[in-house]
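**Student:** One structure coming up, written as structure tokens, with questions to follow.
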Amino acid sequence: MLKHFTLDGKRIPFAEGQTIMDAAMAAGEYIPHLCHNPEFAPHGSCRVCTVKLNGRRVAACTAPALDGAEVENDTDELRDERRTLLQLLFIEGNHICPACDKSGNCQLQALAYYCGMTAPEFTHRYPLRPLDASHPDFVIDFNRCILCELCVRASRDADGKSVFAIHGRGIQAHLAIDSPSGKLGDSKLHKEDRAASVCPVGAILPKHTGYAVPIGERLYDRKPISVAGDVSDHRKDSS
Amino acid sequence: MVHEPRSSNTPVPPRGEGLLRSLVAEQYRAGFISAARIQALTAERGLTRAHIEGVIDFYSFLHLEDVGRFRILFSDNIIERMQGNRALAEHLCRRLGSPLGEVRADGRVSIDYTSCIGMSDQGPSLLVNGHAIPSLDVETLDRIASRVEANTPLTEWPQEWFEIPLNIRKKGLLLANEHGDGDAVNALLSSSPTAILAKLEGAGLRGRGGAGFATAAKWRLCRDAPVTQPNQRVVICNADEGEPGTFKDRVLLQGYAERLFDGMTLCAGVIGADRGIVYLRGEYRYLLAPLQASLERRRRAGLLGRRIGGRAGFDFEIEIELGAGAYICGEESSLIESLEGKRGNPRNRPPFPVTRGYLGRPTVINNVATFIAAAMIAAREEGWFRGEGTEQSSGSKLLSIAGDCDHPGVYEYPFGTPIDQILEACGARQTQAVQIAGAAGHLLPPAQFDRTIAFEDVATGGSFMIFNESRDLLEVVRNFADFFAHESCGFCTPCRVGTTLIQQNLTKIGDGRGSRWDLETLRRIGALMRNTSQCGLGATAPSAMFDLLDHFEVVDKRLHSDEFEPAFDLDAALQEARQATGRDDPGAHL
Ligand SMILES: Cc1cc2nc3c(=O)[nH]c(=O)nc-3n(C[C@H](O)[C@H](O)[C@H](O)COP(=O)(O)O)c2cc1C
Ligand code: SF4
Ligand code: SF4
């Protein structure tokens, strides 16, 4: 017999072993998220998908669905918390949307719109982070990395290469590259690797294709993220 | 039973087991971990260099660059700040001409601060190459400086400097009673695992590490978890004691290790485990040799190894693994990650360690004091443990008492003892506040001193820090905020960024530049961390700050204005321009 939980009052069926996120996605319901991508093992680090499961907060991407449970998702309270989480990500790095080729195709930016963020509310950290343009096909701009570890997971689990890793602890945590020089150009990252096209923000960008689609006609310019879904589902038409 | 979703946890690296041990050994051998050594490890273990460097980066005691022949770390918790550790550290820096946080040019020495090293009842204290020296004063530091200048090996320093008195002030149910080396194992051999579980359940034993989970239930869940080979389960003792102000586990490891090992062996026999690990915090590295000697004695006595107590199939070994300076590794799933050769990030749960823990095997993790209590309960009459404590918190609690009182040290009290009774016993006067359960715990005002130590009232892992009326509580809470910003693992957004924002805002208020807006920010970030953090570190980090705002008036008095104040001082920012132009007239100021 199929099991169900309710998501903001809607009945959502699920199978054993599915998370709240799996079941919601399968039912076409949107739970905001950044570090989750159904192709890869769930991670639970961005916390943007935090929902209330029978009144207790859990990350929808890692919490198993429970039969008969009541899940709250699209409430003012949770939207407010999500907006604050996004604020934290914006001030942690350097995100200058007008100067970023990912603008309009960026999940961080699209989610910020969706959650009603209009201006930064906390003190910017303005970290000094270098840009790495050593790879023939990609630029990696660490200023925009939100530590979702999708590239880490993709390179390890899909490409079998482990090109990416996290170094540092706490606020010093940052993305690192496995290569003799620490540079991307020296690594095993190949154009066709899944890790190369999985970044939900503008941290890993392909070279030679800048501004192929004009601003104003990009994915999230046309539809809100709740309708358009993840940018990596639109790999062909997104850049 | 909840069916587990696809595993969301990082896979066990192929040969990650023992990686931390190799890194720690190399650190202490060479003073750092060289690129060549990392290269060799990548080949030996099939791990990437980026992975290994990520692990090294995670631990405060592992370094990619040489930290000098003598690495001196002053314990920097709030209690030791009150005892004057900063002035002493500065004195030593001057004496040795070694700037704080840097390696002296000749590579001989480096001096820095570190998180609490579990010595606040006898601070100020420091670690030199992993060995603790308590009760510091200027004379001792001068003598230390001479030895460093003379390049005298640590083994030739006066050994009495390294002596650490147990400092037990009050013995209760556990410490005042005797326990023979194999009493718990023998109790098991003469009864049965189910009888022991029933006894622990009857005693109402709950975990002493903080969360208070029922020990019998944990052991039973693990015993019932399926394994592919007999006795494939694991028993882990959490001896990572990192909560600032706590030291009772250190005292137990120094004076009562036999009971701990007896308790772990009991657990192994009950759940069906052949492997035991003590995860000993790096700050207690000096306990490694005595603990290993004690394990060796037990092997010779037939209490460890193959056929324990002569029973076929009862095989159990205990190893000791050293941590390397990361508070988060006291969180049980981080501890397992650390043992598996990864960064100590907490795991997603389920699965819980009792079903899938170390290397995927069902694992029991308990605190040092929990295993000791279990051993003593197993060896005694039914009802012994319940004779003390409250209905929901049976037995006794070991408290690490430090700060403004005449007699700091370890005190064992029945659960249910009121705080004011404890304050009186340890000679605390004019007490302004007590911080219970470490930096992650609560800051209680005098109006709450009639509350009791118990899981159902004021729960604690054991830290009990006392502040009298002369202390600045904002400084206290800032010290905790610094601690959390330093120790956050950085995995999840609210804690990684939130701990730093809280630290910045408290600094701003402490410097007299705060406004009501900053208080709102503190509350908003604090609530977000409580609600959305991945683990207990982020969820509890704002607790003391909320207490400070809710129960004390110090912060209100320090606010500069009710309006928004910028994060930087505009007038101070003009100083450079004033200097460049040689102006200092009123028109050059805001
Ligand atoms: C950030 C953090 C740090 C912790 N540190 C310790 C510790 O140092 N020692 C400990 O026994 N438990 C610690 N715990 C609790 C453990 O996760 C775990 O609950 C405990 O070891 C279980 O043992 P018990 O049931 O015997 O209490 C910590 C938890 C968190 C969230
Ligand atoms: S580079 Fe992109 S995919 Fe990789 S961790 Fe950063 S934000 Fe995530
Ligand atoms: S709450 Fe803090 S320590 Fe815990 S997972 Fe998140 S970042 Fe790491």
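Each reported figure results from applying straightforward, stated rules to the coordinates on display, with no laboratory input. The model shown is predicted, which means the values in this text are computed figures rather than measured ones. So basically every Cβ, Gly included, is an ideal-geometry build from the backbone, and we count neighbours across all protein chains shown.
**Student:** So for the pair B:D569, B:E156, with labels modelled 7 Å out along Cα→Cβ, what separation do we get in nm?
**Tutor:** 5.0
**Student:** Find the centroid of the Cα atoms in the range B:126-197 and in the range B:537-555, then give the distance between the two in whole Å.
**Tutor:** One Cα centre to the other: 33 Å.
**Student:** Find the all-direction average of the projected area of the Cα convex hull for the range A:25-163, expressing the result in square nanometres with one decimal place.
**Tutor:** Averaging across all directions leaves 10.1 nm² for the Cα convex hull.
**Student:** Here's a follow-up. Just round it to a whole percent: the fraction of Cα-Cα distances in the range B:474-558 exceeding 17 Å. Walk me through the numbers before you get to the answer.
**Tutor:** Details: 1337 of 3570 pairs.
So the pairs more than 17 Å apart make up 37 percent of the total in the range B:474-558.
**Student:** Taking the alpha-carbon distance from A:K188 and a cut-off under 26 Å, which lysines remain once sequence neighbours fewer than 8 residues away in the same chain are dropped?
**Tutor:** Partners within reach: A:K102, A:K161, A:K207, A:K236, B:K342.
**Student:** What is the P(r) of the range B:169-387, as percent of Cα-Cα pairs per 10 Å bin from 0?
**Tutor:** Pair shares across the bins are 8, 37, 39, 14, 0.
**Student:** Just in the range A:9-102: which GluC sites (Glu not before Pro) are loop by DSSP and have at most 12 other Cβ atoms within 10 Å?
**Tutor:** Numbers: sites: A:E16, A:E29, A:E39, A:E70, A:E72, A:E77, A:E81, A:E92; in loops: A:E16, A:E29, A:E39.
Answer by residue number: A:E16.
**Student:** Which residues make up the longest stretch of chain B clear of trypsin sites (Lys or Arg not before Pro) that lie in a DSSP loop with no more than 14 other Cβ atoms within 10 Å, not counting the sites? Spell out each step's value before the answer.
**Tutor:** Details: sites that count: B:R6, B:R15, B:K171, B:R306, B:R307, B:R311, B:R429, B:R583.
Of all site-free stretches, the longest is B:16-170.
**Student:** Looking at the square roots a ≥ b ≥ c of the eigenvalues of the Cα gyration tensor of the range B:70-150, which shape do they give, rounded for a/c under 1.5, prolate if a/b is larger than b/c, or oblate? Each step should come with its number before you reach the end.
**Tutor:** Details: a/c = 1.73, a/b = 1.59, b/c = 1.09.
Since a/c reaches 1.5 and a/b is larger than b/c, the shape of the range B:70-150 is classed as prolate.
**Student:** In whole Hz and in residue order, list the ³J(HN,Hα) couplings for the range B:305-317 that follow from phi through the Karplus curve 6.51 cos²θ - 1.76 cosθ + 1.60, θ = phi - 60°; x for Gly and Pro.
**Tutor:** Working through the residues one at a time gives x, 8, 6, 5, x, x, 8, 4, x, 8, 10, 7, 10 Hz.
**Student:** Here's something else I'd like to know. When each pair of different Cα atoms in the range B:396-471 is counted once in the 1/r mean, what is the Kirkwood radius in angstroms, to one decimal? Don't skip to the answer; put the middle values down first.
**Tutor:** Working: mean 1/r = 0.0838 Å⁻¹.
Radius from the Kirkwood sum: 11.9 Å.
**Student:** Using a cut-off of 29 Å between alpha-carbon atoms, which lysines can reach A:K10, once sequence neighbours fewer than 8 places away in the same chain are excluded?
**Tutor:** Cα-Cα hits under 29 Å: A:K52, A:K223.
**Student:** Can you tell me the alpha carbon radius of gyration of the range B:235-363 divided by the globular rule-of-thumb value 2.2 N^0.38 Å?
**Tutor:** Working: Rg = 14.7 Å, N = 129, 2.2 N^0.38 = 13.9 Å.
For the range B:235-363, the normalised Cα radius of gyration comes out at 1.05.
**Student:** Out of residues 5 or more away from A:F138 or on other chains, whose amide H comes under 5 Å of its own, with H placed 1.01 Å from N in the peptide plane?
**Tutor:** A:K207
**Student:** Could you calculate, for the range B:442-590, the ratio of the Cα radius of gyration to the Kirkwood radius, expressed as Rg to Rh?
**Tutor:** 1.07
**Student:** Something else now. Are there GluC sites (Glu not before Pro) in the range B:352-394 that DSSP marks as loop and that have at most 12 other Cβ atoms within 10 Å, and which are they? Mind dumping the intermediate values first?
**Tutor:** Working: sites: B:E381, B:E382, B:E388, B:E391; in loops: B:E381, B:E382, B:E388, B:E391.
Counting only loop positions with at most 12 other Cβ atoms within 10 Å, the GluC sites (Glu not before Pro) in the range B:352-394 are B:E381, B:E382, B:E391.
**Student:** Please report the projected area of the protein assembly as shown's Cα convex hull averaged over all directions, in nm².
**Tutor:** Working: hull surface 152.5 nm².
One quarter of the hull surface, i.e. the mean projection, equals 38.1 nm².
**Student:** For the range B:488-590, which chymotrypsin sites (Phe, Trp or Tyr not before Pro) pass both filters: DSSP loop (anything but H, G, I, E, B) and at most 11 other C-beta atoms within 10 Å?
**Tutor:** Details: sites: B:F491, B:W517, B:F546, B:F552, B:F564, B:F568; in loops: B:F491, B:F552, B:F564, B:F568.
Here the chymotrypsin sites (Phe, Trp or Tyr not before Pro) that fit, given the DSSP loop and packing criteria, are B:F564, B:F568.
**Student:** Determine by what factor the alpha-carbon radius of gyration of chain A differs from 2.2 N^0.38 Å, reporting the quotient.
**Tutor:** Working: Rg = 18.1 Å, N = 239, 2.2 N^0.38 = 17.6 Å.
Against the empirical 2.2 N^0.38 Å value, I get 1.03 for chain A.
**Student:** Another one. Projected area of the range B:238-293, taken from the Cα convex hull and averaged over every viewing direction, in nm²?
**Tutor:** Values: hull surface 16.5 nm².
Averaged projected area of the range B:238-293's Cα convex hull equals 4.1 nm².
**Student:** Ok, one more. Under the rule of at least 5 residues apart or a separate chain, name every residue whose amide H is placed under 5 Å from the amide H of B:G207.
**Tutor:** Here B:G212, B:F213, B:A214, B:T215 satisfy the definition.
**Student:** Okay, moving on. Evaluated at 10 °C with a viscosity of 1.306 mPa s, what Stokes-Einstein diffusion coefficient in µm²/s does the range A:97-173 have when Rh comes from the Kirkwood expression over alpha-carbon pairs? Working shown, then result.
**Tutor:** On the way: Rh = 14.9 Å.
D, rounded to a whole number, is 107 µm²/s.
**Student:** What do you get for the angle between helix A:76-92 and the principal long axis of chain A? Use alpha-carbon atoms, 0 to 90 degrees, nearest ten.
**Tutor:** Once rounded, one gets 10 degrees.
**Student:** For chain B, what is the per residue volume of the convex hull drawn over the alpha-carbon atoms, in cubic angstrom? Numbers along the way, then the final one.
**Tutor:** Values: hull volume 104.9 nm³, N = 590.
For chain B, the hull spanned by Cα atoms encloses 178 Å³ per residue.
**Student:** Hey, what number do you get for the protein assembly as shown at 222 nm if only DSSP H runs of n ≥ 4 count, each worth -39500 (n - 2.57), divided across all residues, to the nearest 500? Provide the component values of the computation, followed by the final result.
**Tutor:** On the way: 30 runs with 280 residues, N = 829.
When only DSSP H runs of four or more count, the value is -9500 deg cm²/dmol.
**Student:** Points 7 angstrom from Cα along the Cβ direction at B:E102 and A:D186: gap in nanometres?
**Tutor:** For B:E102 paired with A:D186, the spin-label model returns 2.8 nm.
**Student:** Subtract the Cα-Cα distance of B:A43 and B:L166 from 0.36 nm times their separation in residues, and report this length gain in nm to one decimal. Can you show the working numbers first?
**Tutor:** Details: separation 123, 0.36 × 123 = 44.28 nm, distance 4.45 nm.
In short, 39.8 nm is gained.
**Student:** May I ask for the distance between the Cα centers of the range B:310-366 and the range A:35-56, given as a whole number of Å?
**Tutor:** 25
**Student:** Follow-up question, since we're still on this one. How much length would be gained if the chain were fully extended between B:A176 and B:A289, taking 0.36 nm per residue of separation minus their Cα-Cα distance, in nm to one decimal?
**Tutor:** Working it through step by step, the gained length comes to 38.1 nm.
**Student:** For B:R15 paired with B:R307, estimate the spin-label separation in nm (one decimal), with each label point 7 Å from Cα along the Cα-to-Cβ line.
**Tutor:** 3.5
**Student:** Now, a different point. What percentage of all Cα-Cα pairs in the range A:48-108 are separated by more than 17 Å?
**Tutor:** On the way: 948 of 1830 pairs.
Looking at the range A:48-108, the distances longer than 17 Å represent 52 percent of pairs.
**Student:** Mind telling me which of A:H43, A:H208, A:H135 comes out most flexible in a GNM of chain A, alpha-carbon contacts under 10 Å?
**Tutor:** A:H208
**Student:** Under the classification rounded if a/c is under 1.5, otherwise prolate if a/b is larger than b/c and oblate if not, where does the range B:192-242 fall, given a ≥ b ≥ c as square roots of the Cα gyration tensor eigenvalues? Walk me through the numbers before you get to the answer.
**Tutor:** On the way: a/c = 2.43, a/b = 1.19, b/c = 2.05.
It comes out oblate by the Cα gyration axes.
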